Amino acid sequence: TNLSLTKWFWAIYLSASDKGGISAVRLSKQIQVSWVTACRILLIAGTQDQHTTQSEAAQLFAAASPPKEFWVVEGAGHYNMHTYAGKTYEERIDDFLFNYLQK
């Protein structure tokens, strides 16, 4: 990817710390990347998630604008995808970041 590690960390921090959510436009301005770069979505759902059901995750995915990816992890709950998918989880995240987060 052409995006610096510093920008990656800022994007993660800003996305996670804004309680009201951060728009792709605002994020793109704050980390100085294109709007298209800031609005990529990788939605990961666990089949045993009791907080956001697989059906709800599918509805969120359907409502999102492309580019987007949806992945269901068998057996995972709301936050333990890595426990159930291990190396595959790491590879999917790496591939997503490499393919989509470019300047």
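The values are calculated or read from the model by the stated rules, or taken from the named source; none is laboratory data. Everything quoted here is computed from the prediction, not taken from an experiment. Ideal geometry is used to build each Cβ from the backbone, glycine not excepted, and the neighbour counts take in all protein chains shown. Ligands, DNA and RNA are stripped out before the accessible areas are found, and what is left, the full protein with its side chains, is counted by its heavy atoms. Shrake-Rupley method; radii C 1.70, N 1.55, O 1.52, S 1.80 Å.
Annotations for the structure displayed:
- Any hit, the range 74-96, residues being within 23 Å of S28 (Cβ to Cβ) and either polar (S, T, N, Q) or open to solvent by 70 Å² or more (accessible area, probe 1.4 Å) (or both): yes
- Lone unmet requirement of (1) modelled with pLDDT of 80 or more; (2) open to solvent by 40 Å² or more (accessible area, probe 1.4 Å) for P66: (1)
- Hits in the range 21-54 (condition: open to solvent by 70 Å² or more (accessible area, probe 1.4 Å), free of Cβ contacts under 8 Å to residues at least 12 places away in the same chain and not hydrophobic (A, V, I, L, M, F, W, C)): R26, K29
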